[in-house]
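Visitor: What follows is a single structure, and I will ask about it in a moment.
The values are calculated or read from the model by the stated rules, or taken from the named source; none is laboratory data. Keep in mind that this is a model prediction, so the values were computed, not measured. A quick note on method: Cβ atoms are made from the backbone with ideal geometry, for glycine too, and the neighbour counts reach across all protein chains shown.
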Amino acid sequence: MSAKLFELTENPLSQDDILRRVSRFDCGGVVTFAGTVRGSTATGDGDRETDFLVYEAYVPMAEKMMARIGDEIRERWPLVKGVSILHRIGRCDIEEPTVLIAVATPHRDDGCFEACRYAIERLKEIVPIWKQENWRDGEVWVEGPRQPDLDVSTPNQAPT
Amino acid sequence: MSAKLFELTENPLSQDDILRRVSRFDCGGVVTFAGTVRGSTATGDGDRETDFLVYEAYVPMAEKMMARIGDEIRERWPLVKGVSILHRIGRCDIEEPTVLIAVATPHRDDGCFEACRYAIERLKEIVPIWKQENWRDGEVWVEGPRQPDLDVSTPNQAPT
Amino acid sequence: MKVRLVLFAGLRQAAGFKRETVSLPEDATVGDLLECRVPNLLGRTFYVAVNEEFAQRDTVLHDGDEVALLPPVSGGQAHPSRRGFPS
Amino acid sequence: MKVRLVLFAGLRQAAGFKRETVSLPEDATVGDLLECRVPNLLGRTFYVAVNEEFAQRDTVLHDGDEVALLPPVSGGQAHPSRRGFPS
């Protein structure tokens, strides 16, 4: 099987494709998380509309960090047999998947749900990918929550 | 959208298909569980090999019970916007998905992981589908764990 | 009255038939039907549905009902399955 | 020595450039590079990677290093996103 397990791509993502990437003879449970582009987001001020997103990434580091999340998962959930993380770059339209994360285990109680949840949380902490939100009359690069141990803006930080 | 949300089928299941069935304009997170046919199962006596499975169902009741699981989910996780459950009948080969369950929510913290996990547990309690395991020199209809409140084998049971 | 009896999977195999129409006295219950038609299955664990809803042994039947005998379900996948018939 | 500086997303936009080669004295740190080349960004929250690994302000640089300035990541999806620049 030559498909990469951790990949950034400009092409549409396929859930069937990621299932094939992690499927194994000895696995019976696969959990896949798909993050899709919301066209409408409920806010205190009523619904906010989005037209499309554009993703930019530091590609080699992002793929390295996604592989690291795979390593962290195998350390925390030793029964996990397969992990794949795929992320779009470029323009993504409403309802399109922007990220897919699949985790395969022999049985459904072997950590596939927990590990998949962990992966999406970690992705949003350490994988250098950014989204630009575009709507009718504007655009903005969205920044995620600050990870204090990574922030270099204050000189006197503790080393990691 | 005319595709059924709760369906038994003799055709191969597609994760891309179920994602389309539950995708919505206002949802950004979809969790899909795939149960796939294990070719090898670790046991105390070493690995046990399976050649293929055959699924039989009480089709109208099974689809009704799958829809009921959808209702239970919307009651327990009111932010869930979409639920679909698809199950194979007939012969399923190694690594093929036999069941797909997809749950869509606006954000990933809105219950999509928990509701998907709940659905597979409930499916194994109340949805009348049975698997026949086939291996080199035999076959057997597998029976799941007994649900005491449904068992009619003892006359003096409590009414549900 | 007449009811339709349907059996699935291992129960179908054990009983040797899939589907049958059974004549019963008025006010017969699920239990009456089981004792009359499949007494040999009564030692097994199984569930009963009447018209696609789970029922109990004392559920009263009506003309035209469909009564299904259901082994403990084993759909889905991804759980250790057992080899050999369950006890 | 020379290092390559790369900026992404909102930082690239704010700095007005994407990529640049910078000459630095030996033993210069990440902090030295930032103060020398992008002092105007120092009020913002961002991370630094040296050769694709997260680094700190006092990480010492070497000739040929690639230093990337990374805004807090916002990949994935399915979380409330904010409108307008974060404070």
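Visitor: Step by step: first the residues of region A:108-141, then only those that are within 26 Å of D:N51 (Cβ to Cβ), among the charged types (D, E, K, R) and free of Cβ contacts under 8 Å to residues at least 60 places away in the same chain, then the one that is surrounded by the fewest Cβ atoms within 10 Å (Cβ to Cβ). Which residue is that?
Guide: A:E121
Visitor: I've got another one for you. Run down D:S74, D:S87 and say which single residue is assigned to a loop (DSSP other than H, G, I, E, B), more than 7 Å from chain A (Cβ to nearest Cβ) and modelled with pLDDT under 95.
Guide: Exactly one residue qualifies, and that residue is D:S87.
Visitor: Could you go through region A:51-64 and let me know if any residue there is within 15 Å of the chain's Cα centre (by Cα), part of a helix (DSSP H, G or I) and buried (at least 21 other Cβ atoms within 10 Å of the Cβ).
Guide: yes
Visitor: Next question, about the same structure. On the basis of being modelled with pLDDT of 95 or more, closer than 26 Å to B:K124 by Cα and not in a loop (DSSP other than H, G, I, E, B), does C:L5 make the cut?
Guide: So C:L5 fits the description; yes.
Visitor: Among the residues of region A:1-22, which ones are closer than 24 Å to B:Y118 by Cα, out of contact with any Pro (no Cβ under 8 Å at 6 or more places or on another chain) and buried (at least 22 other Cβ atoms within 10 Å of the Cβ)?
Guide: A:I18, A:V22
Visitor: Collect the residues in region C:8-63 that are within 17 Å of B:I126 (Cβ to Cβ), surrounded by fewer than 18 Cβ atoms within 10 Å (Cβ to Cβ) and out of contact with any helix residue (DSSP H, G or I) (no Cβ under 7 Å at 6 or more places or on another chain), keeping them in residue-number order.
Guide: Selection gives C:N51, C:E53.
Visitor: Condition (residue is more than 30 Å from B:R108 (Cα to Cα), modelled with pLDDT of 95 or more and either within 10 Å of another protein chain (Cβ to nearest Cβ) or out of contact with any Phe, Trp or Tyr (no Cβ under 6 Å at 6 or more places or on another chain) (or both)) applied to region B:68-75: is it met by at least one residue?
Guide: So far as region B:68-75 goes, no, none of its residues is more than 30 Å from B:R108 (Cα to Cα), modelled with pLDDT of 95 or more and either within 10 Å of another protein chain (Cβ to nearest Cβ) or out of contact with any Phe, Trp or Tyr (no Cβ under 6 Å at 6 or more places or on another chain) (or both).
Visitor: Only one residue in B:T36, B:T32, B:T98, B:T105 is buried (at least 19 other Cβ atoms within 10 Å of the Cβ) and within 25 Å of C:L11 (Cβ to Cβ), so which one is that?
Guide: B:T98
Visitor: Right, another one. Report those strands (runs of 3 or more DSSP E) wholly inside region A:81-160 carrying at least 2 residues which are modelled with pLDDT of 90 or more and closer than 17 Å to A:A34 by Cα.
Guide: So the answer is A:82-88, A:90-93, A:97-105, A:129-135.
Visitor: Something else about it: On the basis of being at the interface with chain D (Cβ under 7 Å from one of its Cβ atoms) and closer than 26 Å to B:L100 by Cβ, does A:L150 make the cut?
Guide: Against the criterion (at the interface with chain D (Cβ under 7 Å from one of its Cβ atoms) and closer than 26 Å to B:L100 by Cβ), A:L150 does not qualify.
Visitor: Looking at (1) within 11 Å of chain D (Cβ to nearest Cβ); (2) within 17 Å of A:W135 (Cα to Cα); (3) touching a Phe, Trp or Tyr at 6+ places or on another chain (Cβ under 8 Å), which is the one condition that is false for A:G90?
Guide: All conditions are met except number (1).
Visitor: Quick one: which residue in C:D32, C:D63 is modelled with pLDDT of 95 or more, more than 21 Å from B:P128 (Cα to Cα) and outside any loop (DSSP other than H, G, I, E, B)?
Guide: Going through C:D32, C:D63 in turn, the sole match is C:D32.
Visitor: As an exercise: evaluate D:R12 against (1) touching a residue at least 12 places away in the same chain (Cβ under 8 Å); (2) not in a strand (DSSP E or B) and give the number of the one condition it does not meet.
Guide: (1)
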